[in-house]
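Note sheet for the following structure.
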Amino acid sequence: MIRVSSIKGGVGKSVIATNLSVALKQEGYNVLLVDADFSNPCVGIYLGMESVNRGFQDVVKGKADPAEVIIAHTPSGVKVLIQVITGEQMQMTEEEAGATNKLLRSLDYDFVIVDTQPGIQWSAALDSYDEALIVTLPTEASCVSAIRLLEHYRKANVKTSIVVNRFTNEEFDLSIDDIEKICEEKVISVLSEDDNVRVAVSQSTPVYMFNSGSPFSVGVRNLAALLASRIEQPSKPSNPTPQ
Ligand SMILES: Nc1ncnc2c1ncn2[C@@H]1O[C@H](COP(=O)(O)OP(=O)(O)OP(=O)(O)O)[C@@H](O)[C@H]1O
Ligand SMILES: [Mg+2]
């Protein structure tokens, strides 16, 4: 079970969680994508599944078994637990978060990819995660936020990996070396700034399906391959080369 996280908002968590799930599915894995962002849920919008009216909230509040409300994203085959967008913002206690994580983890999936809301969340509900991907932009402000999240996860004994999104390799971006030095953590994936992402979002289609050869999609494929190699061969080294 992997959480996709950041302190700063808008860095690309939902796009990455969605496309990573599709890439893993296309590699033959059984994948559950969970929208656990109860401040600005958007997995349903990104996948064209906004009309779904039951999902994560019902599982958290004990009103439904996961099997009753998990549905397939038909074009990709990814199973999805949607966060239904309602007028009132959902509240979840730490106990509910912990119980929900344990329940999700007990399901029969190769990967459970959890899209989260920005910010620092509880520690006690983190022990179900095998890994937290921390998404950062190649900017100092974003990296400073990533460091705070890294420290939080380290205290909670959660394995962390940094994913750099919207990388342009232009001189005003931090280099990957700079980011690794600032964060004192290896960057496992570099995802390019890519107009195809915005076009795909506007069409409610994962860019991985819209254009599997686009720079962002190629980066996501490499990230999926790396995560897959960890469950197949846990000691395989990572490849942080920009795509
Ligand atoms: N690599 C990229 N290239 C171009 N645009 C991108 C890229 N990644 C994300 N975006 C754009 O950035 C916007 C925000 O992405 P996304 O919703 O995934 O961020 P988020 O971190 O989940 O935000 P929030 O913190 O609100 O949940 C999207 O509209 C998407 O089109
Ligand atoms: Mg999001």
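A short reminder: the numbers here are calculations on the coordinates, not readings from a lab. All of these numbers come straight from a predicted model, not from anything done at the bench. Cβ atoms come from the backbone with ideal geometry, glycine included; neighbour counts cover every protein chain shown.
Shown here for segment 155-236: GluC sites (Glu not before Pro) in loop regions (DSSP other than H, G, I, E, B) with at most 14 other Cβ atoms within 10 Å, namely 170, 171, 184. Using C-alpha pairs below 8 Å separated by at least 6 residues, the relative contact order for segment 2-232 is 25 percent. Summed over qualifying helices (DSSP H, 4 residues or more, each -39500 (n - 2.57)) and divided by its residue number, the chain shows a 222 nm mean residue ellipticity of -11000 deg cm²/dmol.
The convex hull around the C-alpha trace of the chain, projected and averaged over every direction, spans 12.1 square nanometres. Each of 54, 148 has some number of other Cβ atoms within 10 Å of its Cβ, and from fewest to most they run 148, 54. Loop-located GluC sites (Glu not before Pro) in segment 46-112 (DSSP state other than H, G, I, E, B) with a sparse environment of at most 10 neighbouring Cβ atoms within 10 Å: 88. With viscosity 1.567 mPa s and temperature 4 °C, the Kirkwood radius over alpha carbon pairs of segment 99-150 converts through Stokes-Einstein to a diffusion coefficient of 101 µm²/s. Fewest-first ordering of 21, 14 by other beta carbons within 10 Å of each residue's beta carbon gives 14, 21.
Between the alpha-carbon centres of segment 79-94 and segment 186-227 there is a gap of 26 Å. Taking other C-beta atoms within 10 Å as the exposure proxy, 79, 61 rank 61, 79 from fewest upward.
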